[in-house]
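The values are calculated or read from the model by the stated rules, or taken from the named source; none is laboratory data. Since the structure is predicted, the reported quantities are computational estimates derived from the model, not experimental observations. Don't worry about glycine lacking a Cβ; one is built from the backbone with ideal geometry, like all the others, and counts go over all protein chains shown. What goes into the accessible areas is simple: the full protein's heavy atoms, side chains included, and nothing from ligands, DNA or RNA. Shrake-Rupley method; radii C 1.70, N 1.55, O 1.52, S 1.80 Å.
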Amino acid sequence: MAEVVIVESPEAAGALVATEIVELIDSRSDAVLGLATGSTPLPVYQALRAKLAGRDVSQVRGFALDEYVGIDPSHPESYRSVITREVVEPLGLDPERIHVPNGAEATIQHAGEDYEAAIEAAGGVDLQILGIGTDGHIGFNEPGSSFASRTRVKTLTEQTREDNARFFDSIDDVPMHCITQGLGTILRARHLVLLAFGEGKADAVAAAVEGPLTALLPGSAIQLHPHATIVVDEAAASRLQLADYYRYTFANKPAWQGI
Ligand code: PGA
């Protein structure tokens, strides 16, 4: 079973996950982080700013989960721009070591394979940060995605385009296609840390953690992973049947285990 940690706020979640990431970097200066975009991981990046201050992060490597297809990388809402703005610059990472799938149309046919090869050449992802969409997607693996999928082009659902329209002038400006790490790619990361906050994510979290394994709910793939940690606030945890057990387990967890 995935480990579920119920925290009181997104800030508490950010501090918990950032502590784990700092320990990873302290143990391995060239750690490979799996980076997610969206609102959810922001408290982690915020907490990392303070915790990493003064540390040498020049060797840290990173791979983003996904990118829109056909968006100019310099567009403020391209995931290349978002990762640069939210992660690379504030944390002082080396931009050369931080990879984002290439959504350029000219090379899109082999962009997925290129990305898989780059992850493999880096030795795989040590810790993958994940959010979850209201439709249960992780990365941009929309419902119907194969659990064995690799990095490839997907068509965004209308729901996801509506959810992401807030970052654009209108829904018409949200790209139709994306390139995303597959569920199989994500499952190869050594530690998955999925975060979710707010009532709007409660159904998706419950289905991913406690529901059946199904392509209809791509987040349920986390149940196949030997080391998955789900960090949620009370609202996002509100539909979990075993919430009391998760609280009890975490409260009694030996401190040395981390998350
Ligand atoms: P959000 O998106 O963090 O902005 O809610 C999560 C996702 O769509 O994966």
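Give me the residue from the stretch 221-255 that is modelled with pLDDT under 95 and part of a loop (DSSP other than H, G, I, E, B) and, out of that set, most open to solvent (accessible area, probe 1.4 Å).
Among those residues, the one meeting the criterion is 252.
Are there any pairs with C-beta distances below 8 angstrom linking a residue in the stretch 36-54 that is without any contact (Cβ under 8 Å) to a residue 12 or more places away in the chain and under 14 Å from residue 16 (Cβ atoms) to a residue that is part of a loop (DSSP other than H, G, I, E, B) and open to solvent by 30 Å² or more (accessible area, probe 1.4 Å), with the two at least 6 apart or on different chains, and if so which?
none
Taking residue 106 as meeting all but one of (1) surrounded by 14 or more Cβ atoms within 10 Å (Cβ to Cβ); (2) of a type in the set (A, V, I, L, M); (3) over 18 Å from residue 164 (Cα atoms), write down the number of the exception.
(1)
Mind checking which pairs have a first residue in the stretch 1-26 that is modelled with pLDDT under 95 and a second that is assigned to a helix (DSSP H, G or I), Cβ under 6 Å, 6 or more apart or different chains?
2/209; 2/222
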